[in-house]
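Heads up: the structure comes next, in structure tokens.
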Amino acid sequence: MSAATLPLPRAARRPGVGAVYRWELRKLHAQKRTYIGLAAAVAIPLIFILALAVDNSGGGPEELPFSAFVRETGFAIPLVCLAFGAFWLLPLLTALVAGDIVANEDQNGTLKTILTRSVERWHVFAGKVLAALTYTAVLLAIYVSVGLVVGGLVWGFDPLTTLSGTRIDAGRALFLTALGTLAYLLPLSAIAAIGLLLSTVTCNSAAAVVGTLMVSIFMQIIAAISALDALDPYLLSTQFNAWQGILREPIDWDPIVRSAWVCGGYALPSLAWALTAFLRRDVTGG
Amino acid sequence: MMGTPIEARGLVKRYGEITAVDHVDLTVQAGDVYGYLGPNGAGKTTSLRMLLGLIRPDDGSARLFGRDPLLEGARALDGVAGFVEAPRFYPYLSGRSNLELVADLDGDGARGRIDEALDTVDLADRAKDKVGGYSHGMRQRLGIAGALLRAPRLLLLDEPTTGLDPAGMRDMRLLIRRLADQGMTVLLSSHLMAEVEELCDRVAIVGNGRVLYEGALGELIAGTAGRYELRTTDDAEAAEIAARVVGDVEQTSDGLAFSADESTAAEITLALGAAGIGITALVPRTATLEELFFRMTEPSNGRPQLERAVV
């Protein structure tokens, strides 16, 4: 037997977050609900584009950023999609996985299966958080890409008029769209963190998905009440508009900076609470 | 140096008013095939969950090879494998994928043991099918395969034959026997006396969360010895002769019965022979585990049930 085939010392081979993360992705890959979310992220921009294409009146969606330019350039399409996706679509699609990723193990009884191996509980939790965030990022990337590519094919990759009224060329528009998408990922990740919390404490997938969506809509209702305007800067729903600062010239970073700490203020305590609950809980199901 | 495979001291678990596990002490030595016997609801599964670190005891401690899962987490399970209640897997993954998943969470070369484990539990030709389509027996076997990937020195099995058909039960018991013969220490929770009698050398009998008996199975059964059944060519005459030797002889529906030690029983046979009475049967009657079990777990008066009914 050659030295290469000799087993390594036990300590060198202990699995951790990486092993859990890889398998969480494989589990997502094998589950139908993952594809329901991703399919919706493909279908909604397509339906929007189709509706615009068959509408001969020349009108577009009202009161949304970039809605006046949807027939001028394909670059406006993903940006309008981002704007209307914030109301419930993207929070729902995010919650579909984040709200399920812990609770489905409870309902399947598989939590005991993975918690009696050689990984620590926090490894399992961290792997699930990373997998839920990965799904969220992929979901958003698909949503924006479909709008951008198909919108561009229909209306061309022409220069885009920014929110400051300046015109930017295709390269700059592409770059700013990518940057804006990253900014959009902040509040969406905070939604995912709330989904993970509800998934962990309710042990019930449906309750966690619906609960996450309710939290998201609840904040929009507060935002709509003018007597409570003082709360607006601290609501997640407001952070879903922060990306618009990037599509200005010069870029307005203030809303992005505020979004980063407000979203962190929702996400980090949610994850800390969820982790504590996950570490201390009695695993009795199955 | 390695520590005792299982050492539980004063384990307590309460759920509201109900004490599911009430100060349970449990010691399983290396090489034991240890039966954890009790009726459903006696707290067997709850005890196993505490041993595996799945739930926190309200009091007491559990150590596996000297390590407390509450303090050391997954490291306390090194060399330990098993499952509580039915083993659960991901229904949308194949049997092999499920084993690959748990093997990757084991590390330590577990992936290299998958083929051997599948062969051991006779699932190699169904390994590519999704677990969602598996029968209960196949899942049970996959659970054992999953445990074997850890190359365990201690195996905890919770009613592994429950829900299996007779052939499945026989195969499962043969498998446990084989693993024990390879030197694995086994803790087998069960409510089936025959299974425990067949497989185990030590037992703890539990009822209502308490350990009612703990010790070698042989000693438990031997302790009830000393009862004989006798049938002869002339039972009436034989009863008188035997009564002269042992005092008290009981007439039963199909013969006589008396209590005596071995030498006294032999004395009676000689006396019967001298009197010209033929012996057709002299059978030492030990209590079965089942009789002992019911004697211990079912209170002779109805009070506990009555109290529960009032609550």
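We did not get these values from a lab; they are worked out from the coordinates using the rules stated. All figures in this text were calculated on a predicted structure; none of them were measured in a lab. Ideal geometry is used to build each Cβ from the backbone, glycine not excepted, and the neighbour counts take in all protein chains shown.
List of remarks:
- FRET efficiency estimate (nearest 0.05) - Cβ-Cβ, B:Asp25 to B:Asp122, R0 35 angstrom: 0.40
- Label-to-label distance, nm, for residues given as A:Trp253 and A:Val154 (7 Å Cα→Cβ offset): 3.6
- Extreme residue, positive dipole direction of the stretch B:121-237, given options B:Met193, B:Ile205, B:Ala151 (C-beta unit charges): B:Ala151
- Under-5 Å amide H pairs with B:Arg285, H placed in peptide plane, nonlocal only: B:Gly226, B:Arg227, B:Tyr228, B:Glu229
- For the stretch A:68-102, the residues whose backbone nitrogen is under 17 Å from a point 7 Å from the Cα of A:Ala170, taken along Cα to Cβ, are A:71-78.
- B:Val245-B:Phe294 FRET efficiency (beta carbon distance; Förster radius 45 Å; 0.05 resolution): 0.90
- Value of relative contact order over chain B, rounded to a whole percent, pairs C-alpha under 8 Å and six or more apart: 19
- Here the stretch B:226-285 is treated with +1 on each Lys and Arg Cβ and -1 on each Asp and Glu Cβ, and its dipole about the Cα centre works out to around 100 debye.
- Residues B:Arg56 and B:Thr4, FRET efficiency given R0 of 22 Å [Cβ-Cβ distance, rounded to 0.05]: 0.55
- Rounded to 5, the percent of DSSP beta bridges in the protein assembly as shown classed as antiparallel: 65
- Among residues other than A:Arg172 with Cβ under 14 Å from its Cβ, the summed charge is -1 (Lys and Arg +1, Asp and Glu -1).
- Extension gain, A:Asp232 back to A:Arg33 (0.36 nm per residue minus Cα-Cα distance, nm): 68.3 nm
- Contact order, relative form, for the stretch B:226-285: 52 percent (alpha carbon pairs under 8 Å, 6 or more residues apart, mean separation divided by residue count).
- Length added when fully stretched, B:Asp254-B:Asn40, from 0.36 nm per residue minus Cα-Cα: 73.5 nm
- Placing +1 on each Lys and Arg Cβ and -1 on each Asp and Glu Cβ, with no other charges, gives the stretch A:23-123 a dipole about its Cα centre of roughly 560 debye.
- Charge dipole magnitude, Cβ of K and R +1, D and E -1 - the protein assembly as shown, Cα centre, debye nearest 20: 2140
- Each stretch of four or more DSSP H residues adds -39500 (n - 2.57); spread over every residue of chain B, this sum gives -10500 deg cm²/dmol at 222 nm.
- In the protein assembly as shown, a dipole from Cβ-located charges (positive for Lys and Arg, negative for Asp and Glu) runs towards its positive end, and of B:Ile279, B:Ala8, A:Ala132 it is A:Ala132 whose Cα lies farthest in that direction.
- Fraction of C-alpha pairs exceeding 29 angstrom in the stretch B:6-221: 23 percent, rounded to a whole number.
- Shielding score for A:23-36, defined as the mean number of other chain Cβ atoms within 10 Å: 2
- Per-residue mean of C-beta atoms belonging to partner chains within 10 Å, peptide A:117-123: 6
- Inter-site label distance for A:Glu72 and A:Phe84 at 7 Å from Cα along Cβ, in nm: 1.9
- Longest exposed-site-free window of chain A, the sites being GluC sites (Glu not before Pro) in a DSSP loop that have at most 11 other C-beta atoms within 10 Å: A:64-286
- Couplings 3J(HN,Hα) for the stretch B:180-186, derived from phi with the Karplus relation 6.51 cos²θ - 1.76 cosθ + 1.60 (θ = phi - 60°), are 5, 5, 6, x, 6, 7, 10 Hz, where x marks Gly and Pro.
- Rounded to 5, percent antiparallel among DSSP beta bridges of chain B: 65
- Relative contact order computed over the stretch A:73-191 (Cα-Cα under 8 Å; 6+ residues apart), in percent: 48
- Backbone phi angles across the stretch A:171-178, fed through the Karplus curve with coefficients 6.51, -1.76 and 1.60 (θ = phi - 60°), yield HN-Hα couplings of x, 5, 4, 5, 4, 5, 5, 4 Hz in residue order; Gly and Pro are listed as x.
- 3J(HN,Hα) couplings calculated from phi for the stretch B:206-213 with the Karplus curve 6.51 cos²θ - 1.76 cosθ + 1.60 (θ = phi - 60°) are, in sequence order, 10, x, 6, x, 10, 7, 9, 8 Hz; Gly and Pro show x.
- Cα lying deepest toward the dipole's positive end in the stretch A:15-278, options A:Val146, A:Phe175, A:Phe66, charges on Cβ: A:Val146
- Peptide B:81-87, shielding by other chains (average Cβ, 10 Å cutoff): 4
- Once the Cα-Cα distance is subtracted from the 0.36 nm per residue extended length, the B:Ser263 to B:Gln182 segment shows a gain of 25.1 nm.
- Label separation (A:Arg280 vs B:Arg14): 1.8 nm, computed from points 7 Å beyond Cα along the C-beta direction.
- Amide hydrogen proximity for B:Ile6: with H placed 1.01 Å from N in the peptide plane, the residues at 5 or more positions away or on another chain lying under 5 Å are B:Val28, B:Phe65.
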